[in-house]
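Worksheet for the structure shown next.
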Amino acid sequence: MRAYVSIWRLRFINGMQYRAAALAGMATQLFFGFVFIMIFAAFYRSGGGDSTAFPLQDLITYVWLQQIFLSLIMLWIRDNEIFAMVTSGNIAYELCRPMGLYPFWFSKLLAQRVAGAVLRCFPITTVVFLLPEPYGLSAPPSWTALLLFVVSLLLGLILVVAISMLIYISVFWTMSPTGSMLMISVAGEFLAGMVIPVPLMPEWLQRITYALPFRWTTDFPFRVYSGHIPQQEALIGIGVQFGWIAALAAFGMWLMRKALRNVVVQGG
Amino acid sequence: MSLYFRYLNIQLKSQLQYRASFLLLSIGQFFIPFMVFGGLYFMFERFGQLEGWSFFEVTLCFAVIHLSFSLSECFARGFDAFSSLVASGDFDRLLVRPRGTVVQVLGSKFEFTRIGRLLQSTIVLIWSIANLPQVWSFPKAITLFFMVFNGVMIFTGIFILAATFCFWTIQAIEIANVFTDGGREMAQYPLTIYEKWVTRFFTFIVPFGCVTYLPLMYLLDKEEGSWVTGMLVPFGGLLFLLPCLLVWRIGVRHYRSTGS
């Protein structure tokens, strides 16, 4: 366990180095947040249709939380090092290490996301809280909601890493990450409610997203925050998150074992 | 100009060498805006209209912007990837050649996988035009062409500006994404739906408004006006490119090799 913690720390420190990039990234995220909110607000203003399913205030909170925790929960963030390792044959060194490859990569990816998010989330949160109506981020309705949000967000983070682990493992077979990565992340992003929030999707599509794990990584924690998902339901949802994590991690480990049994170390 | 086409030809051949990867990437490029379009579709399904704009009117706007974006990403990719040229010192080589720097940088990279994105926006364009009978006339077709053409000019101008900054910063600056990706996300909807300051900024400083909103008013008969304004306004895009090229010149003069 100590080894994993130190890997975690190393990656974390490494990620904290790029401060200028983080600053530019924050400005970009703020801008994107503004644009999305303005677009959604325009749709709400034009009336028609039924907007009661998801109040505008909740939606604004949803958009800002997306931007704040972007590097924490986005599926498309990837570690090219791992891809390069598999395709270049450096995977041999990784296999020599006296620890499981699955937990090793898992902690590496986890640290990367947390480091990226820690740098960015506090400044953005502050700015977003201070924004004037109607653009500002509103506080969660109660302390319990906040607590449930934190728990579900962390579980969502673990879940998204578990999903992305499957993509990394798939490289053992496909050798080229671009195709599978692009497909899964584009579809996953949509199903996670990153393009339009899940409550605004048509009924049939919502049913699909509920059946898949993607929605539990982003949509669920954000709606717990704004209280759009009541606490009783949130507790059940957290249980579901645990279930998905257990299932996907078990599947990932099994897949990894299978991949390593007949791994071909690429020469070079 | 013939040099440019030679560059184009070579790059196309080299990218087609990896056929499977080319195909996969193109398909991926097809699906990225497809998801965004799906979002747009579902929003309209729920709300019916957007401040007086109907679904097909907005998709026309969407198609024009995405068409220009994919075209400029395909052909002006060299400027987008310019930071690596500066960081590695390879720009020196371009300077000693007896040709203009702009053509050479432009020719250094083409991204033909954007054909997927191009195809997607073309389909959307055809679909929306088919459902907007008021656009079917010759002057309007020309206006539409000008809109796309000048849209390409604007995106190219932004790429050039971002690349010029590399002369000073060496690294690529992520903030340029606000204007490329951000501009695309924003300009795919009619500009009126935004706050006043945003609309002004993106009409007079970065003239996205000149290639989408203003000519759209003419295309869709939303505003009485002669066809002349509808056709001339898009040239704001060309007007934007000129100062960008000028800044590029200044940048080149300030270039100091990293020497590695």
Q | Residue list for segment B:95-104, filter: surrounded by 11 or more Cβ atoms within 10 Å (Cβ to Cβ) and hydrophobic (A, V, I, L, M, F, W, C) | A | B:Leu95, B:Val102, B:Val103
Q. If you scan segment A:223-233, which residues turn out to be crowded, with 21+ Cβ neighbours inside 10 Å and out of contact with any Pro (no Cβ under 8 Å at 6 or more places or on another chain)?
A. A:Val224, A:Ile229
Q: For residues that are of a type in the set (Gly, Ala, Ser) and either in contact with a Pro (Cβ under 8 Å, 6 or more places away or on another chain) or part of a loop (DSSP other than H, G, I, E, B) (or both), scanning just segment B:44-69, find the one that is nearest to the other protein chains (Cβ to nearest Cβ).
A: B:Gly48
Q.
Considering only segment A:59-70, I want to know if a residue exists there that is under 19 Å from the mean Cα position of the chain (by Cα) and part of a loop (DSSP other than H, G, I, E, B).
A. yes
(Q) Yes or no: segment B:18-28 includes at least one residue that is at the interface with chain A (Cβ under 10 Å from one of its Cβ atoms), outside any helix (DSSP H, G or I) and either in contact (Cβ under 8 Å) with a residue 24 or more places away in the chain or on the phi < 0 side of the Ramachandran plot (or both). (A) yes
Q: Consider A:Ser185 carefully, then state whether it is closer than 27 Å to A:Ile7 by Cα and within 14 Å of chain B (Cβ to nearest Cβ).
A: yes
Q.
So if I check each of B:Phe47, B:Phe56, B:Phe37, B:Phe5, which one is under 21 Å from B:Val152 (Cα atoms), at pLDDT 80 or above and surrounded by 14 or more Cβ atoms within 10 Å (Cβ to Cβ)?
A. B:Phe37
Q) Exactly one of (1) in a helix (DSSP H, G or I); (2) over 18 Å from A:Asp219 (Cβ atoms); (3) of a type in the set (Asp, Glu) is unmet by A:Glu133. Its number? A) (1)
(Q) Based on this model, can you work out whether B:Met186 counts as buried (at least 23 other Cβ atoms within 10 Å of the Cβ), free of Cβ contacts under 8 Å to residues at least 24 places away in the same chain and in a helix (DSSP H, G or I)? (A) yes
Q: Please work out if A:Tyr44 is part of a helix (DSSP H, G or I) and away from chain B (no Cβ under 14 Å).
A: no
Q. Only one of (1) touching a Leu at 6+ places or on another chain (Cβ under 6 Å); (2) polar (S, T, N, Q); (3) at pLDDT below 80 fails for B:Thr199. Which number is that?
A. (3)
Q. How do the pairs read when you match residues in segment A:80-98 that are over 10 Å from A:Val265 (Cβ atoms) with residues anywhere that are aliphatic (A, V, I, L, M) and part of a helix (DSSP H, G or I), using Cβ under 7 Å and keeping only pairs 6 or more apart or on different chains?
A. A:Phe83/A:Val171; A:Met85/A:Ile91; A:Glu94/A:Met85; A:Glu94/A:Leu101
Q.
Being touching a Gly at 6+ places or on another chain (Cβ under 7 Å) and either surrounded by fewer than 21 Cβ atoms within 10 Å (Cβ to Cβ) or at pLDDT 85 or above (or both) is the filter here; which residues of segment B:105-146 pass it?
A. B:Gly107, B:Ser108, B:Lys109
Q) Of the residues in segment A:196-218, how many are surrounded by 18 or more Cβ atoms within 10 Å (Cβ to Cβ) and either away from every other protein chain (no Cβ under 14 Å) or assigned to a loop (DSSP other than H, G, I, E, B) (or both)? A) 8
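The values are calculated or read from the model by the stated rules, or taken from the named source; none is laboratory data. Note that the structure is a prediction, hence the values are computed from the model and not measured. No Cβ is skipped: glycine too gets one built from the backbone with ideal geometry, and neighbour counts run over all protein chains shown.
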